[in-house]
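The values are calculated or read from the model by the stated rules, or taken from the named source; none is laboratory data. Worth saying up front: this structure is predicted, and the values here are computed from it rather than measured. Here Cβ is always computed from backbone atoms with ideal geometry, including for glycine, and neighbour counts include all displayed protein chains. For the accessible areas, the whole protein counts, side chains as well, though only heavy atoms, and no ligand, DNA or RNA atoms are used. Shrake-Rupley method; radii C 1.70, N 1.55, O 1.52, S 1.80 Å.
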Number of protein chains: 2
Amino acid sequence: MLRFCALLFVSFFTLSAAALADEGMWTFNNFPSAKVQAAYGFRPSAAFLDHVRKAAVRDAGGCSASFISPSGLVMTNHHCVVGCVGQLSTAQHDFVQSGFYAKTAEDERACPDFELDQLTQISDVTAKVQGATAGKTGDAANKAQNAAEAQIQQATCGTDKTLRCDVVSLYHGGIYDLYRYKRYTDVRLVFAPQYNVAQFGGDPDNFNFPRYDFDIGVVRAYENGKPAATPDYLRWSANGSKAGELVFVAGNPGSTSRELTMAQLEYTRDVTYPEQLPALAEYRGILEEFEKRGPEQLREAHEIRFYVENDFKALLGRQRALNDPAFMAQKAAQERKLRAAVAADARLQRADGSAWDQIARLQTLRQQLAPRYNAVTGFTFESGLLGDALTLVESAEERTKPNAQRLPEYTDQALIGLEQQLTAPIPVYPDLEETTLGFAFTKTREVLGTDDSLVKKMLGTEAPDDLAHRLVSGTKLADPAVRKALFTGGQAAITASDDPMIVYARSLDPDIRAIRKDYEARITAPSRAAAERIAKARFAIYGTSVDPDATFTLRLSYGAVKGFDANGTPVAPYTTIAGLYERATGAFPYALPESWLAAKPSLNLATPMNLVTTNDIIGGNSGSPLIDKNGDIVGLIFDGNIYSLGGDFGYDGTRNRAVSVDSRALLEGLSKVYHADRIVSEIEAARHS
Amino acid sequence: MLRFCALLFVSFFTLSAAALADEGMWTFNNFPSAKVQAAYGFRPSAAFLDHVRKAAVRDAGGCSASFISPSGLVMTNHHCVVGCVGQLSTAQHDFVQSGFYAKTAEDERACPDFELDQLTQISDVTAKVQGATAGKTGDAANKAQNAAEAQIQQATCGTDKTLRCDVVSLYHGGIYDLYRYKRYTDVRLVFAPQYNVAQFGGDPDNFNFPRYDFDIGVVRAYENGKPAATPDYLRWSANGSKAGELVFVAGNPGSTSRELTMAQLEYTRDVTYPEQLPALAEYRGILEEFEKRGPEQLREAHEIRFYVENDFKALLGRQRALNDPAFMAQKAAQERKLRAAVAADARLQRADGSAWDQIARLQTLRQQLAPRYNAVTGFTFESGLLGDALTLVESAEERTKPNAQRLPEYTDQALIGLEQQLTAPIPVYPDLEETTLGFAFTKTREVLGTDDSLVKKMLGTEAPDDLAHRLVSGTKLADPAVRKALFTGGQAAITASDDPMIVYARSLDPDIRAIRKDYEARITAPSRAAAERIAKARFAIYGTSVDPDATFTLRLSYGAVKGFDANGTPVAPYTTIAGLYERATGAFPYALPESWLAAKPSLNLATPMNLVTTNDIIGGNSGSPLIDKNGDIVGLIFDGNIYSLGGDFGYDGTRNRAVSVDSRALLEGLSKVYHADRIVSEIEAARHS
């Protein structure tokens, strides 16, 4: 699945030397319409681009979405709303398993923590940002960068909670753009199918095709307590797509690493992945077994296990790409070519030629500093109730400073979303919290060693599981009102608190800050400075004819409906509803919900179920609309095939495929399985308006 | 820990081009005494070698050991006897936690499944084995090889259960030697300390130094119901060792990969480890959480979790070595040097020059065939009750064939050990069996895919956990008498059985055999043929001045007591008992047993606790005696430091260290903490006899 998940920022093949047909996650202000016309005979107009941009929305939790009616109706994936579905569930009413449908407008239920962002404006702020850091290094450069970004955001969005301003670094610092959004925080659940059909085939079929998933979730954006007016929305295509047809994907790819230097890719291959993958796998094993404690634990761990399995598989695919010597040879050839072009230009060579070597030299120090930095910025201290406690402690201190002097996650802009997250009435499961925190402490000790000073402070004389138990069983932070009071109370409330989790967070915070500051001054700042020089050199040689690495901002990708070759076996671009029934064994994850078994006689089994297209997408694109050249919906992106996983490092148009639910299957299911007439009517009315 | 474990055959640094000082796991019939004399001024005599060889014994379960009295008393590690300790424990009497001490001879308790092998003779059978396969390829070569080995073993050992004959392939087929052993199968537990001090520091301190473990286990070999007469035994040194002193390790290193070609190392790095490590980590997570079900589950999963964590850490260290570009460059340089020498000799080049390329070409096919081969020869189908069932089904069929035509694990020689294992009264824990089998099924589906024909047959329409539950809850194989009856009953009993596990094994066996045969014909046979050619070429150029890769057979290593440099921090060669108490926080795994806390005032805290030496050892060496030039015990090998983990691929004398319990700490603990006077007296008497 393609959700761009907070747990790990995750997303096989061969690369051609130049930008390939259909390659590219293009920004809306630099879309290669001429290239599309040359390849497909259709030139997207400015009006087309504007319409699509306004109808597309970002789910700030890590997904993409789109308006599908003028009344704020939003289509995304089930696996993008499943967090909300789980939060609205109880042991008695588990909507993840049963599905959810708001029969009336009044039945639409507010998601506790959901933000939708509609991109309204892009403006270039490169000069301001780069000017602020010019001549500075290390911590001074980081502070200047943070201050500049905070000021730019503040100047445009102020503290208006209905706006969002992000300074986006494109081409790793080559361009800084200010992205201005309309922000919707009252988002209500309208429809979610049962997990068993939304993610039919589960982990074994994830990132595979042929595929048969009904992975849709429908929410609605509200403003002032009423459905938002959203005049820019996408219409349902009358006939769907056909093989070979030109299609677009508008969405928010989370992160790619195509512009990294060879030294950085090798570091990722040799150091990062070999540590990350087993840790993720171990946590997966813990969750699998935790779920067996009972039905309630199965329900509690459901969502996080999905993320972990999804991230694991995605990461494994990325590792395979980097472990493929042929692929790495191609990446090396690309780098040699660019460096040769730089070397051939004396001015460029003088200004930027040493940047690659500088990055390479940094990797040794990085390997030395990264374990402690990763520990304090990763899973252990950033998630769950301990993460909340540290955020409360840090935000209280940061808020005593002027906006421009704060850590970037505590600027006035950032605090809007942060406060929503911190105070949202999201259920907390102490047994799962304790299990996860105990694992995190154990892992941190394993990675850093028993004798590391942070580990000594972290554990004292306690065993990891005992410490986790003491903190989780003693804290009151599971209560959103307690978190809200501590957030609102600021420094005084934090200092006065005797909540054991807050006390613990207070004691660790100085160490965490020091480790983070050291790494960011010695690794992040010089890496960014070198990357900016590489970006400048690249612009000088290639211009902006190459798309920037993904940044979880709105992009447009073009491509065609097209099958692929799986190790000699041709795979057709469409599956059908009939295939869904054929694959159902009755045993999880191949068990269909009762409603689908009952509806079978009424369904047109020849209806296309899922389809593959050549669009260049990655994690974060989940929930993106798949649209035709009229701008109409022909599908709903929810995944990539197994060959798409190397897409983090490069696009291989011969085999990399995006996977969508077909728009025809969506309507067939909504009307005949779910009898979701209110929604179907709204879609139909919108289509004809 | 250095146990050579059945779960995975597991064992950072720089390599010099030539054989390094102290490098080498030498066979007793090719020991470089002259080299030792040159380096240390002492020349081990034939009598010294003979004495040490006869006093050393192998624990067939994956460890090393030695006789320490003329009455069959055997010293090895706690982590080598912990399997037996657990098997003799119950929910009421958990000797793993409480320790075990047989106060009288009558209290010594038979280990259900323990085999000790004393090497009595080595003879060269190269011509016979290589002659049998000459001119044959694929399946025919495998059959000829198996037949030749079966005949050689049979000719020397027959079906005498007190003998053991193994044909050992040295230098990957360059030399075939017949190893003849005296086999002891009545082995009784004499002494085991509490787990918490035997493995003080647990997983976090495993493969680390400074270290403070009391990792000793004492058993006794019996013959005809009486303590075995073992005139060749090692005496306790009166004074122990000192820094710089020459020391030897006699033991059975399990496996090394120093002679593999670059293509094979790259395959290991890029394909094998990236799959193995996360799978092991996931299983580890499952076990961690399984243990939390309750104290009995904690007890049940204890041993397997230790193996999994130990293997994981060892494998991670090996992966780091292969992910170190500098190390791989050195391995590549060594290969280039050898190939250049071969190319410079026209006769060698003609005969063997293409072997490296042939192995390189095989890796593509290997990658294609390995997932299914690994599935059928690995964890899922080789462990637990399903493993027993498949062994019963296969052995029944194989025993209908003449000895020389059987699969090698079912020759008359192999059946002696197999029958002991299969029928041993080892406790079976159905909840752990079910959890493990469910995981194994899930993993096999994940690796091969839902649509793989073996997976379809394996699961049918059942979910992995449901299938595991049906098989484990339905089978009677947990009863050793049932296994014995099925083994003894042969083909007729197997065919007649309606035990669900046997029925299931019968249905899968043909597929498993076919997959295995295909892989062994297309990968194993040609790989072995090419390796034999490389070995011949290597002999022609270097002779046997280089030790052969480890093969879990008896080897002798020499070295010195010596500290090392850990990233700039000098580490002294000895720790003390005082250090043990200083490290004890009271929280697991740094919690000392009550008996150690109570005994503290009586102990000489300055006694050396653990020590490091430069001996070249690896997994399987656990339990090896560390001896001085008099052949007397100065320590007990139980681990290597973190830098020893790359030793699988090459020895780095600057940092690779073997870790032992000091002989002085052993006596101090046995006498003053455990008051194990009977054992101490036997050791003392032996020392002075």
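If you scan region B:621-636, which residues turn out to be touching a Gly at 6+ places or on another chain (Cβ under 6 Å) and either small (Gly, Ala, Ser) or assigned to a loop (DSSP other than H, G, I, E, B) (or both)?
Within region B:621-636, the subset touching a Gly at 6+ places or on another chain (Cβ under 6 Å) is B:621, B:624, B:626, B:634.
Passing the criteria: B:ASN621, B:SER624.
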Subject >> Test set (1) more than 22 Å from the chain's Cα centre (by Cα); (2) away from every other protein chain (no Cβ under 14 Å) - A:ALA250 fails condition number >> reply: (1)
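Please verify whether region B:454-477 includes one or more residues that are open to solvent by less than 40 Å² (accessible area, probe 1.4 Å), small (Gly, Ala, Ser) and either farther than 28 Å from B:PRO278 by Cβ or at pLDDT below 95 (or both). Don't jump to the end; show me each part of the working.
As a first pass, look at region B:454-477 and keep what is open to solvent by less than 40 Å² (accessible area, probe 1.4 Å): B:454-455, B:458-459, B:463-464, B:467-468, B:471-472, B:474-475, B:477.
If we keep only those that are small (Gly, Ala, Ser) too, we end up with B:463, B:468, B:474.
Among the residues that remain, those that are also either farther than 28 Å from B:PRO278 by Cβ or at pLDDT below 95 (or both) are: B:474.
Taking every residue of region B:454-477 in turn, at least one turns out to be open to solvent by less than 40 Å² (accessible area, probe 1.4 Å), small (Gly, Ala, Ser) and either farther than 28 Å from B:PRO278 by Cβ or at pLDDT below 95 (or both).
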Original post:
Of all residues in region B:122-155, which are within 16 Å of B:LEU407 (Cβ to Cβ) and hydrophobic (A, V, I, L, M, F, W, C)?
Top reply: B:ALA140, B:ALA141, B:ALA144, B:ALA147, B:ALA148, B:ALA150
Subject >> Of all residues making up region A:190-238, the number that are closer than 24 Å to A:TRP596 by Cβ, surrounded by fewer than 22 Cβ atoms within 10 Å (Cβ to Cβ) and of a type in the set (D, E, K, R) >> reply: 2
Original post:
If only one of A:PHE552, A:PHE588 is on the phi > 0 side of the Ramachandran plot, among the aromatic types (Phe, Trp, Tyr) and not in a strand (DSSP E or B), which one is it?
Top reply: A:PHE552
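Any residue in region A:95-108 that is over 30 Å from A:GLN121 (Cβ atoms), part of a helix (DSSP H, G or I), acidic (Asp, Glu) and over 19 Å from the mean Cα position of the chain (by Cα)? Break it down into steps so the answer makes sense when it comes.
Filtering region A:95-108 for residues over 30 Å from A:GLN121 (Cβ atoms) gives A:95-107.
The next check asks that each one be part of a helix (DSSP H, G or I); those that pass are A:95-98, A:105-107.
With acidic (Asp, Glu) added as a condition, the list becomes A:106-107.
Keeping just the survivors that are over 19 Å from the mean Cα position of the chain (by Cα) gives A:106-107.
Yes; the residues of region A:95-108 include at least one that is over 30 Å from A:GLN121 (Cβ atoms), part of a helix (DSSP H, G or I), acidic (Asp, Glu) and over 19 Å from the mean Cα position of the chain (by Cα).
Could you list all residues from region A:320-337 that are within 26 Å of the chain's Cα centre (by Cα) and either within 22 Å of A:ASP357 (Cα to Cα) or open to solvent by 60 Å² or more (accessible area, probe 1.4 Å) (or both)? Even if it seems obvious, please write down each step before you answer.
Here is the first cut: in region A:320-337, the ones within 26 Å of the chain's Cα centre (by Cα) are A:320-324, A:327-328, A:331.
Hits for region A:320-337 are A:ARG320, A:LEU322, A:PHE327, A:MET328, A:LYS331.
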Original post:
Going through region A:455-479 one residue at a time, which ones are within 13 Å of chain B (Cβ to nearest Cβ) and part of a helix (DSSP H, G or I)?
Top reply: A:VAL455, A:LYS456, A:MET458, A:LEU459, A:PRO464, A:ASP465, A:ASP466, A:LEU467, A:ALA468, A:HIS469, A:ARG470
Subject >> Candidates B:LEU362, B:LEU260, B:LEU280, filtered to the one that is at pLDDT 95 or above and at the interface with chain A (Cβ under 9 Å from one of its Cβ atoms) >> reply: B:LEU280
Original post:
Does region A:26-37 contain at least one residue that is at pLDDT below 85, of a type in the set (Phe, Trp, Tyr) and open to solvent by 10 Å² or more (accessible area, probe 1.4 Å)?
Top reply: no
Original post:
Pairs, please: C-beta under 7 Å, at least 6 apart or cross-chain, first residue within 30 Å of A:ASP452 (Cα to Cα) and in region B:199-228, second part of a loop (DSSP other than H, G, I, E, B) and modelled with pLDDT under 95?
Top reply: B:ASN206/B:MET1
Subject >> Subset tally (residues that are more than 7 Å from chain B (Cβ to nearest Cβ), more than 18 Å from A:GLY83 (Cβ to Cβ) and assigned to a helix (DSSP H, G or I)) for region A:283-295 >> reply: 3
**OP:** Filter region B:591-613 down to the residues that are in a loop (DSSP other than H, G, I, E, B) and within 32 Å of the chain's Cα centre (by Cα), then identify the one that is farthest from the other protein chains (Cβ to nearest Cβ).
**Re:** B:THR607
**OP:** Would you mention how many residues in region B:239-273 are part of a helix (DSSP H, G or I), open to solvent by 10 Å² or more (accessible area, probe 1.4 Å) and under 22 Å from B:GLY378 (Cβ atoms)?
**Re:** 8
Original post:
List, please: which pairs have Cβ atoms under 7 Å, are six or more places apart or on different chains, and start with a residue in region B:137-160 that is open to solvent by 20 Å² or more (accessible area, probe 1.4 Å) and end with one that is hydroxyl-bearing (Ser, Thr, Tyr)?
Top reply: B:GLN153/B:THR411
Subject >> Test set (1) open to solvent by 60 Å² or more (accessible area, probe 1.4 Å); (2) touching a Ser or Thr at 6+ places or on another chain (Cβ under 8 Å); (3) β-branched (Val, Ile, Thr) - B:ILE502 fails condition number >> reply: (1)
Original post:
Being within 14 Å of chain A (Cβ to nearest Cβ), on the phi < 0 side of the Ramachandran plot and under 30 Å from the mean Cα position of the chain (by Cα), is that true of even one residue in region B:507-530?
Top reply: no
Original post:
Restricting attention to region B:411-443, and to residues there that are under 21 Å from B:ASN374 (Cβ atoms) and among the aromatic types (Phe, Trp, Tyr), which single residue is surrounded by the fewest Cβ atoms within 10 Å (Cβ to Cβ)?
Top reply: B:PHE441
Original post:
Of all residues in region B:569-585, which are open to solvent by 60 Å² or more (accessible area, probe 1.4 Å) and either within 11 Å of another protein chain (Cβ to nearest Cβ) or in a helix (DSSP H, G or I) (or both)?
Top reply: B:THR569, B:GLU582, B:THR585
**OP:** Check off (1) at pLDDT below 95; (2) within 21 Å of B:GLU223 (Cβ to Cβ); (3) out of contact with any helix residue (DSSP H, G or I) (no Cβ under 8 Å at 6 or more places or on another chain) for B:PHE9 and give me the number that stays unchecked.
**Re:** (2)
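State yes or no: is B:ALA566 surrounded by fewer than 20 Cβ atoms within 10 Å (Cβ to Cβ) and of a type in the set (A, V, I, L, M, F, W, C)? Working first, answer last.
On the way: surrounded by fewer than 20 Cβ atoms within 10 Å (Cβ to Cβ): yes; of a type in the set (A, V, I, L, M, F, W, C): yes.
Yes: the conditions hold for B:ALA566.
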